[in-house]
Structures are given as structure tokens and as C-alpha cells.
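As C-alpha cells, the structure follows; a few thoughts come after it.
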Amino acid sequence: MKENERMQGVYISDEYEAILPAPKTGVGKKIQEQIQTLKDFGLFCEHICVRNKPITLWDKIRMRTFLLGDGLSWNVNNVIREADFLYIRKPTVVSRNFICFLKEIRNVAPCCKILLELPTYPYDKELSTPLHRLPLLWQDRHYRSRLARYIDRIVVLSNYDEVFGIPTLKIRNGINLSVYRLKKQNTSSTFNIGCAAQYARWHGIDRVLRGMAQYKRYSNPKHSVHLYLAGEGPELNDLQKLTNQLGLQSEVTFCGKLNRKQLYEQLYDCCDIGVECLAIFRKNMDGVSSSIKSREYLAVGIPFIYSGKIDILEQNAVDFALKIPASEEPVDIQSVINAYNKLLQKETKKELSVRIRTYANQYASWQTTMSEVVEWIQQGEKGE
């Protein structure tokens, strides 16, 4: 690259939603915001998605084999050949095709800086639960030992200094605050709880449902409570069945998959409190979370409940994020309501939302969380 030329980069992912104008998944939104952040720092960055359609059952079967390949389009085109850097979000599994792709890049573009982001690490237990995913783990372990031949830096959302024998760059998930407005305030007497996710067991929404059933049955409630659930995911059918079993049909609304405008209208603006992950322990993970969901709640000004640890909350004592025990116990809804009412004893709902948003601006913007990556990319030569 000549002096004063703008660095040319490519962000590579297998997230189909990220190529849509208005992605409805947190991962899709994150990828688009990361790309925009790189551009804001003066780096040209094009996005290449190696999955050209939503994932199918056949794709999942292919990923579990060594011989059929992963079904992704790992092609080294001219854009990649001419890039100064590649930022790759780790695909579901490190496959033979992926390793061959990296090898070819090293042959045709030896000076290109290659970064590989691991959205979670360690991740072995994610690839082994449930048991039918074990072939993914075996394949990943077989091929990831070769990553050090081709990858310059691993990008992690944790405190590891080295992964797979490769030095790391540390980031936190961030958020593009410019695309989020402050929520409107719920004026009804109902205490509204909300969550948007691709629902899996570790989100722990069943704990909220069971807590609502207990609150309704035993607490002689002064407040009616309603739960809004936006999104889809593998756990959705079980959550709908549990809602029916607990007799909560009139207290739970399944909103389906929503875009950002719909999220405000049907979730954020009407909710008093949000639900972060409440059962991350079910993934056998005891590390610090850097979830997108927590950033979205902060950006729109919603207090929320969570369990475990969240990176941007660990160093600061905040009262708008209520930590509940990491257990299988139902959520104590009355305690959540009490904590929320305590917040409103010293400020209005709008003042509370503004304070939460201010915290997001200080600790959760992508410009802050990706600075280490940008600094490394902008170095003159690899390894400097």
C-alpha cells in the first residue's frame, strides 16, 4: 500500500442476515455496525458473506461431515486478493474448506493482515451440546490446530492473551448509538417485561415464565405483569408450550421476528424492563459475557435483569441492571418490581432512560470497544 492511500479491507462472515438491508438478528446488526465502525476510522471495508441463503437442514447435515464440505463459498476473489486486511468472523466450524481458503490467501497475498474473531471462547461446549453437534466439535478440533499457519491475530471478547498459539486482540461488543433512539415511556399500569432474541435454552426465558406463574398464583399481586417476546430460535416452540401449560396465554405476547422500527413499536416503547441472558450457566460457561442484547438495552434506555457477568458492568456499580442468581430457580417477579420502583423513587422514567443511555455512550460505543483492533490494522507492517 502506498503512503496516504486508504487501507482496503474485507469483512468475511457466514451470517446471511448481515447482507440484508435491515437484519433482524443481533449478529447481523453487529456485523453491519462493525463494518461501519471500521469505515468511520478511515478504513475502506467491504463485506463478503460466504453463505448466500438462510441455513437449511441440509446445510446442518453437511457441516457435520468431513467429506461433503461446509457448503460455504470460500472463494478467493480479486477483492480479497487486493485487500490489505481481512477481518473474518469465525464460521460455525473450522472446516477443511476454510483452512484451504486461508492457505490460498497466504499464497496469493502474503502481506495481507488476517484477523479471526471468535465471538465466544472457549466454545467447545457450545459445539458439543446437544450431543448431535459433537461431529462439529471433532471437525473443529481437527482443523483449528492449523490456524496459526495463516492467522495473524485472534480477536477475542475475553482476557486471553493467546488462543491456538496465536496472539490476541481484545475487544468488547459495542453498539452504533446513532441508529438507536431513546425509548418512549410506558404509561399503562401494567408492569411490562420484554426480550428480543433468537431463543435458546441459555436465555433462561423459562425462568421468567415460571416466575410469572408463581407471582400470579401466590403473591396477591398489586400489579398485572405482561411479557413481550420478540424473535424466533430453537427454544421458541418450547416457550410457547410452557406458556400454555402455566396458563399464561393472556400474560405473554409472542411478537415474532421484528425489524428495528417494529422493535420500538411493539417492545421497547411499551416495556419497563428487559431480560438479558438468565441461564448462561446452561452452556457450562462461567466467563464474562459481552452480549449484544445488553448493549441494545443500554442504547434505548431500558433497565434490565441478568445473571452471571457482563463485561461493561463489572467495573462500575450500576443500579439499573439487576443481577439475579445464576440458578434454575424461577425469577422472583415481585423483587424485580420492587427494584424497579426503587429506581423511580429518585428520578422519572425518562430521567432513568437518559442516564442509562449516557452510560452506553461512555462504555459501549464501537469506537471505544474496537480501538485496539483498528490500531493494529493501521500499523505499517504485520507484527509491528
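Just so you know, all these numbers are worked out from the coordinates, no wet-lab data involved. The model shown is predicted, which means the values in this text are computed figures rather than measured ones. We place every Cβ from the backbone using ideal geometry, glycine too, and count neighbours over all the protein chains shown.
Give the peptides 289-296, 249-256 in descending order of average Cβ contacts within 10 Å, highest first. Before the final figure, lay out the partial values.
Values: 289-296: 22.5, 249-256: 15.2.
The packing order, highest mean first, is 289-296, 249-256.
Excluding same-chain residues fewer than 8 positions from LYS222, which lysines have a Cα within less than 28 Å of its Cα?
Candidates past the 8-residue exclusion: LYS183, LYS184, LYS241, LYS323, LYS342, LYS346, LYS349, LYS350.
Looking at the chain as a GNM with Cα springs under 10 Å, which of SER95, SER73, SER365 has the largest mean-square fluctuation?
In this elastic network of the chain, the residue with the biggest mean-square fluctuation among SER95, SER73, SER365 is SER73.
How big is D for the chain, in µm² s⁻¹ as a whole number, if Stokes-Einstein is applied with the Kirkwood radius of its Cα pairs at 25 °C and 0.890 mPa s?
Working: Rh = 22.2 Å.
The Stokes-Einstein estimate is 111 µm²/s.
Using amide H atoms built 1.01 Å from N in the peptide plane, name the residues 5+ places from GLU46, or on other chains, whose amide H lies under 5 Å from its own.
It is GLY9, VAL10, TYR11, by chain and number.
Distance in nm between label sites at ALA148 and ARG106, each 7 Å beyond Cα in the beta-carbon direction?
1.2
Need one number: nm distance between label points at GLN8 and VAL76, each 7 Å from Cα along Cα→Cβ, rounded to one decimal.
1.6
Indicate the gyration tensor shape class of the range 313-384 (rounded, prolate or oblate), computed on the Cα atoms with a ≥ b ≥ c the square roots of the eigenvalues: a/c under 1.5 is rounded; otherwise a/b larger than b/c is prolate and the rest oblate.
In terms of gyration-tensor shape, oblate.
For the modelled label position 7 Å from the Cα of ARG260 along Cα-to-Cβ, which residues of the range 300-323 have backbone nitrogen atoms closer than 19 Å?
300-302
Kindly write out, for the range 312-328 in residue order, the coupling ³J(HN,Hα) from the Karplus curve 6.51 cos²θ - 1.76 cosθ + 1.60 (θ = phi - 60°), rounded to whole Hz, with x marking Gly and Pro.
7, 9, 5, 9, 9, 7, 10, 9, 8, 10, 8, 8, 10, x, 7, 8, 7
How do 262-272, 162-172 rank on mean C-beta neighbours within 10 Å, highest first? Each step should come with its number before you reach the end.
Working: 262-272: 20.3, 162-172: 16.5.
Answer by packing, highest mean first, reads 262-272, 162-172.
How do the peptides 11-19, 185-193, 298-306, 313-321 rank, highest first, by the average count of neighbouring beta carbon atoms within 10 Å per residue? Before the final figure, lay out the partial values.
On the way: 11-19: 21.1, 185-193: 15.1, 298-306: 25.0, 313-321: 13.4.
Top of the packing list down: 298-306, 11-19, 185-193, 313-321.
What is the range 178-363 by shape, rounded, prolate or oblate, if you read a ≥ b ≥ c off the alpha carbon gyration tensor as root eigenvalues and call it rounded for a/c under 1.5, prolate for a/b larger than b/c, and oblate otherwise? Each step should come with its number before you reach the end.
Details: a/c = 1.31, a/b = 1.18, b/c = 1.12.
Rounded is the answer for the range 178-363, as its axis ratio a/c remains below 1.5.
For a Förster distance of 30 Å, can you work out the FRET efficiency between the beta-carbons of GLN249 and GLU329, rounded to the nearest 0.05? Mind dumping the intermediate values first?
Working: r = 24 Å, r/R0 = 0.79.
Once the sixth-power term is evaluated, E becomes 0.80.
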